[in-house]
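Student: First the structure, which I've put down as structure tokens, then a few questions once you've had a look.
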Amino acid sequence: MARWDPWSDLFNLQSEMARWANDALGNGSYLSAVSDGDRGARPSMPVTYLPLDIRQRDGEFVIEASVPGLGPDEVEITADQGVLTIRGQRKARGEEQSEGTYLRRERSAYTLVRQLTLPSDVKEDQISASFQNGVLTVRIPRVAAPAPRRIPVASGDRQDEPQVIEAGTSGE
């Protein structure tokens, strides 16, 4: 029998809702164009949905994400007020090629973004990340659960309990 984990359901729900929104707004793909409204007219860069694997271990959550074509310096991870944001950006490369002309070019600039709501029992200030062979691994330590405490039960026939004395009426 498997034990129910509400955090797993929460992560799955968030992932499915993001996928649904991307399908509805991005015409069935995980790409949607965004522009920087603060800086005026600027070419839009596709934003790609970043799929994740999330595991729960004793004392931590481990998130793994494949970020092909990106280096550690192109990935940014932030934790702010219970929200973990993973953002990666691939800039256009090889614009000036002296050896031949492109016949097809599909590897353009893009941004990878994913946000997760963190459970309240994590240590945000101790989150760590590593990068190896195109796989980003984020470790989120959890606060140790307090041990159960035994509560003593008192007997109902204790003699030293305070007695209730009713106040007399004002006519006495």
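Each reported figure results from applying straightforward, stated rules to the coordinates on display, with no laboratory input. Fair warning: this is a prediction, and the values are worked out from it, not measured in the lab. Note: ideal-geometry Cβ built from the backbone for every residue, glycine included; neighbour counts use all protein chains shown.
Student: Per residue of the range 113-127, in order, report the coupling 6.51 cos²θ - 1.76 cosθ + 1.60 (Karplus, θ = phi - 60°) as ³J(HN,Hα) in whole Hz, putting x for Gly and Pro.
Tutor: For the range 113-127, the Karplus curve yields 9, 8, 10, 10, 7, 8, x, 6, 9, 10, 9, 4, 6, 10, 5 Hz.
Student: So how do Thr78, Thr111, Thr48 line up by other beta-carbon neighbours within 10 Å, fewest first?
Tutor: Result, fewest neighbours first: Thr78, Thr111, Thr48.
Student: For Gln89, what is the net charge nearby, where nearby means another residue's Cβ is under 10 Å from its Cβ and Lys, Arg count +1, Asp, Glu -1?
Tutor: Details: positive: Arg87, Arg90, Lys91; negative: Glu74, Glu76.
That works out to +1.
Student: Moving to a separate point now. Report the extension gain between Asp73 and Arg107 in nm, rounded to one decimal, defined as 0.36 nm multiplied by the number of residues separating them, less their alpha carbon distance. The partial results should precede the final answer.
Tutor: Working: separation 34, 0.36 × 34 = 12.24 nm, distance 1.88 nm.
That pair, Asp73 and Arg107, stretches by 10.4 nm at full extension.
Student: Using R₀ = 25 Å, calculate the FRET efficiency as 1/(1 + (r/R₀)^6) where r is the Cβ-Cβ separation of Ala145 and Gln14; round to 0.05. Don't skip to the end; give the middle numbers.
Tutor: Details: r = 23 Å, r/R0 = 0.92.
Efficiency, from the Cβ-Cβ distance: 0.60.
Student: Along the Cα-to-Cβ line of Asp80, 7 Å from the Cα, sits a label point; which residues in the range 111-143 have backbone N less than 15 Å from it?
Tutor: Once the point is set 7 Å along Cα→Cβ of Asp80, 114-118 turn out to lie under 15 Å by backbone N, inside the range 111-143.
Student: Per residue, what volume in Å³ does the Cα convex hull of the range 83-142 take up? Intermediate results must be reported in sequence, preceding the final value.
Tutor: On the way: hull volume 6.7 nm³, N = 60.
Looking at the range 83-142, the number lands at 112 Å³ per residue.
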